[in-house]
Amino acid sequence: MNIKFNLLGAVLLTFLFSCEDNNTPEPEPEESACQYGMQGVFSTDAPVWSADTVSILPYVSGGVFHMFSAPYAAPYWTTMQLSRNSDTCYLSQASADTLNYTVRLKNPSTAAGALASYDMSLHLYGQNKIATVSFIGSAAHVGYTHLKVGTEGAVSVPELVRIFEDWTEVSLRTNGNTCAVYINGTLAKSISYAGAIGRLKDVRVTFKGYGSVDYFRVTGLKGAKIVRNEFNNVNTPSQGLEFGW
């Protein structure tokens with residue numbers, strides 16, 4: 001009887017532990033299991049919000065990313081962003097609260113497909129919050145400009161009224177609880193924020209119309225190389241992304 005009871009008990013315990021294991025949360029993937037690439041997005045808000053995600057390959061030529069031929073009538077926006085195989089994948093162990101995201105870009109008012117007011121925005125997607133800077137080309141619409149981390153920050157910012165007629169370096173820089181935007185290395189605006197953005201998940205740039213990106217680079221404040229794309233060789237599994245180059 002004791003032997004049978006012990007055997008039955010062992011079976012029950014094994015069953016219970018098996019059930020407990022099946023209910024445990026999925027672990028975060030190992031860094032080596034995370035797969036990053038690039039993608040483009042066409043979007044519109046007329047008559048309702050719609051978006052189409054596309055490969056970047058048809059839109060890279062001569063080392064420049066430039067989307068065109070939107071599947072919507074105006075207004076439309078175009079976005080460069082990263083793709084990843086899991087929402088729990090991060091670009092780096094480093095914090096998005098201490099880094100520099102720089103993009104060389106243009107969105108000229110005279111280009112084919114240009115749309116007033118020539119909006120442009122940069123985005124840092126973190127584990128906890130999103131940092132965003134939004135520019136616009138008309139002072140009459142300054143109310144659409146902002147520099148924010150989460151819901152904190154500044155809106156209606158005159159320093160962010162600008163048309164990117166020619167190639168310009170724009171940087172979104174975080175340092176502790178400060179977020180700042182630089183234009184060709186010159187400070188344009190900074191804000192303070194509470195809490196943490198967390199580990200970096202994604203970087204994006206969005207244009208109203210068809211802007212162009214020559215390159216983007218994400219580095220630590222002391223120069224640590226995190227990720228970049230120069231768009232010189234996008235026929236790779238990561239569509240040209242280079243980590244720790």
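The values are calculated or read from the model by the stated rules, or taken from the named source; none is laboratory data. All figures in this text were calculated on a predicted structure; none of them were measured in a lab. With ideal geometry, Cβ positions are generated from the backbone for all residues, glycine too; neighbour counts draw on all protein chains shown. The protein model used for the area step is the full one, side chains on, heavy atoms only, and it has no ligands, DNA or RNA in it. Shrake-Rupley method; radii C 1.70, N 1.55, O 1.52, S 1.80 Å.
Looking at the square roots a ≥ b ≥ c of the eigenvalues of the Cα gyration tensor of the chain, which shape do they give, rounded for a/c under 1.5, prolate if a/b is larger than b/c, or oblate?
Values: a/c = 2.30, a/b = 1.98, b/c = 1.16.
The shape class here is prolate.
Answer rounded, prolate or oblate for segment 46-90, using the Cα gyration tensor with square roots of eigenvalues a ≥ b ≥ c: rounded when a/c is under 1.5, else prolate when a/b is larger than b/c, else oblate. It comes out oblate by the Cα gyration axes.
Work out how much length residue 184 to residue 245 would gain on full extension: take 0.36 nm times their residue separation and subtract the Cα-Cα distance, in nm to one decimal.
Working: separation 61, 0.36 × 61 = 21.96 nm, distance 2.24 nm.
Difference between extended and current length: 19.7 nm.
Rounded to the nearest whole angstrom, the semi-axes of the ellipsoid equivalent to segment 78-164, taken from the Cα gyration tensor as √(5λ), stand at 27, 17, 10, largest first. The angle between the Cα long axis of helix 2-22 and the longest principal axis of the Cα atoms of the chain comes to about 0 degrees, rounded to the nearest 10.
Using Cα-Cα distances under 8 Å and only pairs 6 or more residues apart, what relative contact order does the chain have, in percent?
Numbers: 573 pairs, mean separation 58.8, N = 245.
Reported relative contact order: 24 percent.
Once you list every other residue whose beta carbon is under 12 Å from the beta carbon of residue 208, what net charge do they have if Lys and Arg are +1 and Asp and Glu are -1?
Working: positive: none; negative: 45, 119.
Within the 12 Å Cβ shell, the charges total -2.
Per residue, what accessible area does the chain have, given a 1.4 Å probe and all protein chains present, in Å²? Don't skip to the answer; put the middle values down first.
Values: 12470 Å² over 245 residues.
That works out to 51 Å² for each residue.
Give the separation of the Cα centroids, segment 225-245 to segment 150-214, in Å. The two parts, judged by their Cα centres, are 22 Å apart. The residue list 101, 137, 112 was ranked by how far each Cα lies along the charge dipole of segment 79-161 toward its positive end, using unit charges on Cβ atoms, and 112 comes out on top. Principal axis analysis of the Cα atoms in segment 176-245 yields extents of 40, 30, 20 Å, listed in decreasing size. Of the residues 209, 113, 40, the one that moves most in a GNM of the chain with alpha-carbon contacts below 10 Å is 113. Among 167, 77, 49, the residue with the largest mean-square fluctuation in a Gaussian network model of the chain, with springs joining Cα atoms closer than 10 Å, is 49. Can you give me the % of accessible surface on segment 109-245 that is carbon or sulfur? Probe 1.4 Å, all protein chains present, nothing else counted. Reported share for carbon and sulfur atoms: 46 percent.
Assign unit charges at the C-beta atoms only (+1 for Lys and Arg, -1 for Asp and Glu), then state the dipole size of the chain relative to its Cα centre in Debye, rounded to the nearest 20. Before the final figure, lay out the partial values.
On the way: 17 positive and 20 negative charges, 83 e Å.
For the chain, the charge dipole is close to 400 debye.
Order these peptides, 115-126, 211-222, by their mean beta-carbon neighbour count within 10 angstrom, highest first. All intermediate terms of the calculation are to be shown ahead of the outcome.
Values: 115-126: 20.9, 211-222: 18.9.
Result, highest mean Cβ count within 10 Å first: 115-126, 211-222.
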